1. How many residues are out of contact with any helix residue (DSSP H, G or I) (no Cβ under 7 Å at 6 or more places or on another chain) and outside any helix (DSSP H, G or I) when one looks only at the range 67-114?
2. Does any residue of the range 16-36 turn out to be assigned to a helix (DSSP H, G or I), farther than 24 Å from residue 106 by Cα and open to solvent by less than 20 Å² (accessible area, probe 1.4 Å)?
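The values are calculated or read from the model by the stated rules, or taken from the named source; none is laboratory data. For clarity, every value in this text was computed on a predicted model and none was experimentally measured. Positions of Cβ are backbone-derived with ideal geometry, glycine not excepted, and every protein chain shown enters the neighbour counts. For accessibility, only protein heavy atoms count, side chains too; no ligands or nucleic acids. Shrake-Rupley method; radii C 1.70, N 1.55, O 1.52, S 1.80 Å.
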Amino acid sequence: MHKTFLVWAALLGALAVILGAFGAHKLKELVPPETVSTFQTGVTYQFYHVFALLAVGILYAHVPGPQLIWAGRLFLIGMLLFSGSLYVLTLLKATDTVGLRGIGAITPIGGLAFIGGWVMLLLGILKK
């Protein structure tokens, strides 16, 4: 399992760099500044949790347990729901798409997944 988390961390880290560069350069031409800020928040949290996922993968090799597996899963779910929903909101704003604005309600669920991941990481560390 630890290798899977490390692979995901590498892939999502590369994606965060790509999205961050896009947000810093091209996105400013497509959406208002507050939307760029929303997008950048998604990138920032994705990056934070890529490092958390790396930590889980490394720790799991030394202290395996279900808490660390759940920590990794929750970090992945959090990135998908929290950062992913902010990316989708930005895309909707850039394309003037209406009718899906409620997708922002998913963002806090992703935030809760992040918190759960950190709690599981703590429990996994304390287990040893």
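1. Residues flagged as out of contact with any helix residue (DSSP H, G or I) (no Cβ under 7 Å at 6 or more places or on another chain) and outside any helix (DSSP H, G or I) within the range 67-114 amount to 5.
2. Just the residues of the range 16-36 that are assigned to a helix (DSSP H, G or I), to begin with: 16-25, 27-29, 33-36.
With farther than 24 Å from residue 106 by Cα added as a condition, the list becomes 21, 24-25, 28-29.
Still in the running and open to solvent by less than 20 Å² (accessible area, probe 1.4 Å): none.
Within the range 16-36, not a single residue is assigned to a helix (DSSP H, G or I), farther than 24 Å from residue 106 by Cα and open to solvent by less than 20 Å² (accessible area, probe 1.4 Å).
Rundown of residues vs (1) over 10 Å from the mean Cα position of the chain (by Cα); (2) free of Cβ contacts under 8 Å to residues at least 60 places away in the same chain; (3) open to solvent by less than 10 Å² (accessible area, probe 1.4 Å), yes/no style:
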| site | (1), (2), (3) |
| --- | --- |
| 57 | yes, yes, yes |
| 70 | yes, yes, no |
| 80 | no, yes, no |
| 96 | yes, yes, no |
